[in-house]
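Right, one structure below, let's go through it.
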Amino acid sequence: MYVRSLVRTLQRCRSLTAGGVPAAAFRGATAAVTTTRGAHTDLPVPDFSAYRNSYADKPNEASSRGELGKRAAAYMVLGGGLAAGMVPTKDAIVGLLSTMSPSADVLAMATIEVDLSAIPEGKNVVLKWQGKPLFVRHRTAEEIDAAKNVDLSTLRDPQADDARVQRDQWMILIGVCTHLGCVPIANAGEYGGYFCPCHGSHYDTSGRIRKGPAPLNLAVPKYKFETDTSLVVG
Amino acid sequence: MRSVEVAEVKGLKKMAANWQRAANGLRAGYRWFTGGQSLRVTGSRGKAGRSPMFYGAVAAAGVVAGYSVVSVAAAEAELHPPKYAWSHKGLLSALDHQSIRRGYLVYKEVCSACHSMQYISFRNLVGVSHTENEARVLAEEYEYPGDNDEEGNPTTRQGKISDAFPNPYPNDEAAKFANNGALPPDLSLVVLGREGEDDYIFSILTGYFDPPEGVEVREGMAYNPYFPGGVIAMPQQLFLDSVEYEDGTPATVSQMAKDVTTFLRWASEPYHDDRKRIGFKVIMVTSVLALVAFYWKRRVWSVLKSRKIVYYSKGS
Amino acid sequence: MAFGNAVYNALFRRTSTFALTAVLGGVVFERWYSSWSDSMWERINRGKLWKDIAHNYEEADE
């Protein structure tokens, strides 16, 4: 019956467009087929009851209530899975980012502990810290006075002594001349602090530049006093 | 003529081969394959492509036969270590840290006289077998080369917690010279680097015997059937009470061998405990995820999977 | 089922609230899961870990 109607439609189209473009005839044919197909009322509906969920096995009751519960359970499972999936996701991101932080052996070398009880007053000790010379100076009372009683306006790189020390008697400096990177000599120069032998920069007892080509004061690293006799730099 | 040369090829397998015999076999096989006429190969249709394969097969048979005879001779006295019930062997078993601590003592008092551990630092002991202060004190027992002084002379300094375990010898040559020409291997990765792992290390340390009849052991060497070849340059090191444990454990040879092996296992795998702990977490959570993924796949596909296409014949 | 429906209507119906629920649930789950798995690990290996023997040596420091 189906095939016969198709053939009949084709014949009808051909007669209508006699000698016209075949494509146009075909388009008309498709449209005609769908309209001729009609309802399936002549076919028996198969039995799906073996496949139905319990909430939908009564054909004359709405399934929406039970279906909502079913969907809630499904999304509960999905939400639980997403929540559980957050753990490996987070760990993967943290793991990737932590490759950017320094490794344990670098961290172990990053700090230096200094025993202050071994440094007598007036002495400057040179240590090696992260490949750079580190000055630890036990200042005398005169040196502290000299460092404090300076008119800041006369300085090239104005900085108060209080801003450069945590405890007045201990001056911690990175021993690299700010001019061209030589290592200054302690207890030398016109101001009794440091003197750079390369180009003659004079630093005072607070490590501030006073005379010579260097533009800046000697740098002060990050440090803290663990106890009265123990200093940790870095 | 053909059958004679086939016999020659077969005879090759029985004889312990050397290269000369393999070459003979090649020649024989070549002649056998080409039916005794070598000219045919170069001139034949299609056969020239197959003969090199045969060539190779005969050569391989000869080589295998030759080497297997040699290796059987060398391995005749080798003893494989038994499998011991290490407390860290299970999928979720951590290392016994008390044993690591005792094992470090054994390493320090016995092994470290000859063996270095270049990849382990004193700081690695912190939180594993020692406190930070203890590790600091251990490191300070040793001297390391320091910076040059103002006059350019080399100096020494006290060990720091960030230093690696010291090497008992300044270089490999000095180590060989002090040990009859044998280089004591670095122990950082020795457990992973030997077949049999923990079992092998334990067996070597406890496996010293008098050499059996007919085994020649040179002066300065020792007989140990677990060592490949049976003769080892390291004489027995562990004897009853070689060390005194601070926790009162009796220092028997097997106890010390077990402790130092556990310590060396930790040194080879400092991440051992984390590996198992995190592996457990990962497997647990991913199996839950697998179940969820399976459930969700079933749900999404249910519409497609539960379709039913019914065909009716025209008449019904 | 009423509870399930209430949860569904309040949290799961909109994608935005569903995603938020999953993220917050992930935070809660992670805290619980790591503490649970670590306690599991410590229970299985009781007596072998450093934390079980550390007290013997830390007292000596002080």
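Bear in mind that the values in this text are calculations on the coordinates, not laboratory data. Owing to the predicted nature of the structure, the values given are computational and were not obtained by experimental measurement. Cβ: placed from backbone, ideal geometry, glycine included. Neighbour counts: every protein chain shown.
Here are the numbers for the structure shown:
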read-out	value
Residue-count net charge about A:Lys224 - beta-carbon cut-off 12 Å; Lys, Arg +1, Asp, Glu -1	0
Flagged links, alpha-carbon separation over 23 Å, of B:Lys160/C:Lys48; B:Lys83/B:Lys276; B:Lys108/B:Lys258; A:Lys132/A:Lys222; B:Lys83/B:Lys108; A:Lys58/B:Lys308	B:Lys160/C:Lys48; B:Lys83/B:Lys108
The range A:86-161: GluC sites (Glu not before Pro) in DSSP loop, at most 13 other beta carbons within 10 Å	A:Glu121
Neighbour-limited loop hits for chymotrypsin sites (Phe, Trp or Tyr not before Pro), the range B:131-232 (at most 16 other Cβ within 10 Å; DSSP other than H, G, I, E, B)	B:Tyr142, B:Phe209
Prolate/oblate/rounded call for the range B:91-209, Cα gyration tensor, a/c under 1.5 rounded	oblate
Cleavage-rule hits (trypsin sites (Lys or Arg not before Pro)) in the range A:155-227: DSSP loop, at most 12 neighbouring Cβ within 10 angstrom	A:Lys222
Gyration tensor verdict on the range B:126-285 (Cα atoms; rounded if a/c is under 1.5, prolate if a/b is larger than b/c, oblate otherwise)	oblate
Residue exposure sequence - A:Asp47, A:Asp91 - by fewest surrounding Cβ within 10 Å	A:Asp47, A:Asp91
Contact order normalised by residue count of the range A:127-190, Cα under 8 Å, 6+ apart, percent	39 percent
Neighbour-count order for B:Thr156, A:Thr99, B:Thr262, B:Thr286, fewest beta carbons within 10 angstrom listed first	A:Thr99, B:Thr156, B:Thr286, B:Thr262
Lys, Arg +1 and Asp, Glu -1 on Cβ, resulting dipole of the range A:150-234 about Cα centre, debye, nearest 20	240 debye
